[in-house]
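*Asks:* Take this structure first; my questions come after.
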Amino acid sequence: MIKRIKRFLDISSNKYAVAVVVLLLASFIIGLSSVFFRYPMSWFDEQVHYARTMTYADNPLSITRGKVTKDEQTFIQKPMEKIARSLGQPTTEIISSDWQKEFDELGKHQERISTKDATAAAIYTPFVYAPYIIAAWIGKVLHLNVVTTFLLMRLSGFLLVFTMLVLAIRKIPFGKLTLAIIGSLPPVTISFAAISADELSYGFSFLFISYALSLYLSIMKDKKLNIKDIWLFILLSFCVVLTKIPAFLILGLYLPILYAGFKTKAINKKGLITLSVVLCICAIITIGWYMIVRNMNGNVEYYGRENVDQVRQIKFMLSHPLRTLRIFADNILSYPYNSMQLGYSDYTKTMSVPAGLTLLPFAGLVLSIFIKDKDDELNFTDNQLAMLYNHVSRLLFVGAILLIFIIFYLQNSEVGSDTVVGLQPRYFLPFLLLLLPFTNRTLEYNARFMTGLVIISASPLIYYSAIFIFQLLN
């Protein structure tokens, strides 16, 4: 069995393969359990993404408010009322094996009504909800009830994006353990298992960066890229920009690829022109979608926030440049990036991973960079192309952080506010893979070292699994 897994994932070392598989298996088991045993809408903003999915399933061209059935609206409101109560007192129902019984009465009210619950997610394209929309259509064709359709939506999304994670690990030429650790972080795993706009953003970001690293390494080895490689890279590019607007930043990896392809002649003139045009088209798509949704401020209608206006916010930023710089510097430098949310829970104290534990997987991530499955074929230390990629990818990571803060300042924060509101730490996780460098530095490892590395890297997931089982049994 281990030989087949090693061959499929393109791994040479047994110890390395076992570490990757253990992390993947743990993520799969706890993610699949979360699909079925987490209460509806118990992941942050799951209610707005569920509502957005159902409005798109009814009409793919719907904007802001859309229509859902009365049963679907009840399925949104009832869990949110219970979740609101759970924030003030302990409950035993957010993590439960029989929560479905509460919704046995649904199925009698199929008339469609307008819902405001979808407005907060109006800025996302229908593409980001594609697996859920397809599952909703299947549920409609098969006349499945609301609960079964909801579980089918969760399950289809989870299986799709977990498969994408496995394929990304298979494709990435090095850092497979690093990617497996990122995929095992609880906010990533729970996002996989929930109805969320983050799901495909994670999946396609992981796939794109993995594929970019593979192409770049091939170019550095003076291997010519074939037409299949280029077209698959282009397809992934379009998928990335159709997920979330900040994801466009990772397409900045085109720049070192184009430069290296031109310098080494690994990409012919036609390929260089094609990739350059695709990059421009992706930029146009991103800007175009932003222009379409820039005035769709669901935060005003859904969350009731006042004094939120993107045009006025931009005017404020331009007229107070020094204050704007101070606002962003203060917010970016003080933000708790290592915080790990676990969604709503039976107990408010178990809604996030303890701060001390959250530092361990990041230590594991750093160590995993220098754990090599195979000997390096090239000297990256003195390789200008390797250094170019490392510098560009780090700049893109910083740029992604800055762009996310800017977007939330425009869309969520009151005009002139000193605080950027609405941010959640999981929004930065898809970009962690940009920090994986070309390096020849290596750490020697044995079975004991790898066991310890897996334990510290998976410590937040172990914590989530423990409190998940405890809540499930009580």
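FYI, it's all coordinate maths here, none of it is from the lab. Everything quoted here is computed from the prediction, not taken from an experiment. All Cβ positions, glycine included, derive from the backbone under ideal geometry; neighbour counts span all protein chains shown.
*Asks:* Do any trypsin sites (Lys or Arg not before Pro) in the range 354-447 lie in a loop, going by DSSP, with at most 16 other beta-carbon atoms within 10 Å of their beta carbon, and if so which?
*Replies:* Counting only loop positions with at most 16 other Cβ atoms within 10 Å, the trypsin sites (Lys or Arg not before Pro) in the range 354-447 are Lys374, Arg441.
*Asks:* Additional query: Between Leu359 and Lys140, what is 0.36 nm times their sequence separation minus the Cα-Cα distance? Round to one decimal in nm.
*Replies:* Stretched fully, the Leu359-Lys140 segment lengthens by 74.4 nm.
*Asks:* Could you tell me the calculated FRET efficiency between Lys70 and Ile314, based on Cβ-Cβ distance and R0 = 30 angstrom, to the nearest 0.05?
*Replies:* 0.15
*Asks:* May I pose another question? Can you give the translational diffusion coefficient of the range 71-184 in µm²/s, computed by Stokes-Einstein from the Kirkwood radius over Cα pairs at 10 °C and 1.306 mPa s?
*Replies:* Here the translational diffusion coefficient equals 93 µm²/s.
*Asks:* If we count every other residue with Cβ under 12 angstrom of Leu410's Cβ, Lys/Arg +1 and Asp/Glu -1, where does the sum land?
*Replies:* +1
*Asks:* Could you give the length gained by full extension between Asn307 and Phe262, i.e. 0.36 nm per residue of separation minus their alpha carbon distance, to one decimal place?
*Replies:* Fully extending the segment from Asn307 to Phe262 adds 11.2 nm.
*Asks:* Rounded to two decimals, what ratio of Rg to Rh does the range 300-432 give with C-alpha atoms and a Kirkwood Rh?
*Replies:* My calculation puts Rg/Rh at 1.07.
*Asks:* Loop-only check: which GluC sites (Glu not before Pro) in the range 1-107 are DSSP coil with at most 16 other Cβ within 10 angstrom?
*Replies:* Answer by residue number: Glu105.
*Asks:* A follow-up question, please. Could you compute the FRET efficiency for Val366 and Ile284, with r as their C-beta to C-beta distance and R0 at 45 Å, rounded to 0.05?
*Replies:* Step by step, r from the Cβ atoms, then E = 0.75.
*Asks:* Put +1 on the Cβ of every Lys and Arg and -1 on every Asp and Glu Cβ in the range 15-118; which of Pro79, Phe28, Thr91 then has its Cα farthest towards the positive end of the dipole?
*Replies:* Phe28
*Asks:* Let me ask something additional. Net charge around Ser191, counting only other residues with Cβ within less than 9 Å of its Cβ (Lys, Arg = +1; Asp, Glu = -1)?
*Replies:* Charge balance near Ser191 sits at -1.
*Asks:* So for the chain, taking the charge dipole from beta-carbon charges (+1 Lys/Arg, -1 Asp/Glu), which of Leu9, Leu251, Asn268 sits furthest toward the positive end?
*Replies:* About the Cα centre, the residue reaching furthest to the positive side is Asn268.
*Asks:* Okay, next question. Would you mind calculating the gained length between Leu25 and Ser276 on full extension (0.36 nm times residue separation, minus the Cα-Cα distance), in nm to one decimal?
*Replies:* Answer, rounded to one decimal: 86.4 nm.
*Asks:* Could you please rank Val68, Val278, placing first whichever residue has the fewest other Cβ atoms within 10 Å of its Cβ?
*Replies:* Val278, Val68
*Asks:* Where in the range 326-344 is the amide nitrogen less than 11 Å from a point lying 7 Å along the Cα-to-Cβ axis of Asp418?
*Replies:* So the set is 327.
*Asks:* Would you work out which of Leu333, Ser218, Thr286 lies farthest towards the positive end of the dipole of the range 194-336? Charges go on Cβ: Lys and Arg +1, Asp and Glu -1.
*Replies:* Result: Ser218.
*Asks:* Near Lys171, which lysines are there with a Cα under 16 Å away, not counting those fewer than 8 places off in the same chain?
*Replies:* Lys6, Lys228, Lys372, Lys374
*Asks:* Right, something else. Please give the charge dipole size of the chain, origin at the Cα centre, charges +1 on K and R Cβ atoms and -1 on D and E Cβ atoms. Round to the nearest 20 debye.
*Replies:* Dipole of the chain, to the nearest 20 debye: 1300 debye.
*Asks:* Any idea what Rg and Dmax come out to for the chain if you just take the C-alpha atoms, in Å?
*Replies:* Answer for the chain, Rg first and Dmax second: 22.7, 69 Å.
*Asks:* Within 10 Å, count the other beta carbons around each residue, average over each peptide in 458-467, 358-367, and list them highest first.
*Replies:* 458-467, 358-367
*Asks:* Right, something else. Where does the chain land at 222 nm, in deg cm²/dmol rounded to the nearest 500, when only DSSP H runs of n ≥ 4 count, each adding -39500 (n - 2.57), divided by all residues?
*Replies:* The per-residue figure over the chain is -20000 deg cm²/dmol.
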